[in-house]
Amino acid sequence: MTPTAFFLGFLLVLAVLVWANARRRIAQSGLPEGHVTYQDADRRHKLARPLISRRYGLAGKPDYLVVTTEGVVPVEVKSHSYPNSGPYESDTAQLTAYCILVEDALGGTLTHGIIQCANRSSRIEYSPHRRERVLQIIEEMRRTLDSPTVHRSHTQRGRCRACGFRAVCEERIG
Ligand code: SF4
């Protein structure tokens with residue numbers, strides 16, 4: 001084998017190793033196959049401004065936006081492990097709010113988003129029912145913020161114990 005052929009062969013092997021390593025890192029990240037158009041997870045490529053939906057009064061930055069064959073997919077990264085009982089309702093609601101925001105701010109149709117927990121990812125369908133439910137929650141939150149008095153909405157002692165407003169809240173339990 002000539003030195004040139006050896007060198008070209010070496011470059012080819014190196015290219016394959018780099019490609020395989022990149023594929024492995026994408027698989028480990030839990031991101032779907034596609035082109036990452038935006039990422040805020042490592043704070044390296046921050047959007048100049050957050051996405052804004054004036055229609056729904058929403059603003060925010062998902063951790064990733066990936067363009068896939070199914071359209072744009074928001075990905076929200078969580079540091080906790082995947083719960084045995086399935087994704088937390090709050091995480092699902094947050095991701096769905098991002099789907100609404102992306103759909104309105106960037107246009108197009110979204111089919112799903114992804115919650116990436118520490119040990120596995122979960123595909124969350126962006127269904128009309130889920131969308132309506134989250135819009136209702138947003139509306140309820142807006143009404144609550146406008147209301148002069150907000151009463152406790154639960155009976156969980158542990159929640160009050162961990163709450164930052166405990167010292168000043170007259171409705172705390174325990
Ligand atoms: S301390 Fe008050 S604000 Fe905090 S969780 Fe309990 S009731 Fe809610």
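General observations
- Inter-probe distance in nm under a simple model that places probes 7 Å from Cα toward Cβ, at Met141 and Arg55: 1.9
- Sparse-neighbour loop sites [chymotrypsin sites (Phe, Trp or Tyr not before Pro); the stretch 87-174; at most 11 other C-beta within 10 Å; DSSP]: Phe165
- Of the peptides 145-153, 109-117, the order by per-residue mean of other Cβ atoms within 10 Å, starting with the highest, comes out as 109-117, 145-153.
- For Ala167 and Ser81, a Förster radius of 35 Å and the Cβ-Cβ distance give a FRET efficiency of 0.65, rounded to the nearest 0.05.
- Efficiency of FRET between Glu89 and Thr2 - r from beta-carbon atoms, R0 45 angstrom, step 0.05: 0.10
- Gyration tensor verdict on the stretch 35-145 (Cα atoms; rounded if a/c is under 1.5, prolate if a/b is larger than b/c, oblate otherwise): rounded
- Subtracting the Cα-Cα distance of His129 and Leu106 from their residue separation scaled by 0.36 nm leaves 6.1 nm.
All of the numbers you see were taken from the coordinates with simple rules; none came from a lab. Computed from a predicted structure; not experimentally measured. Here the Cβ is made from the backbone with ideal geometry for all residues, glycine too, and neighbour counts use every protein chain on show.
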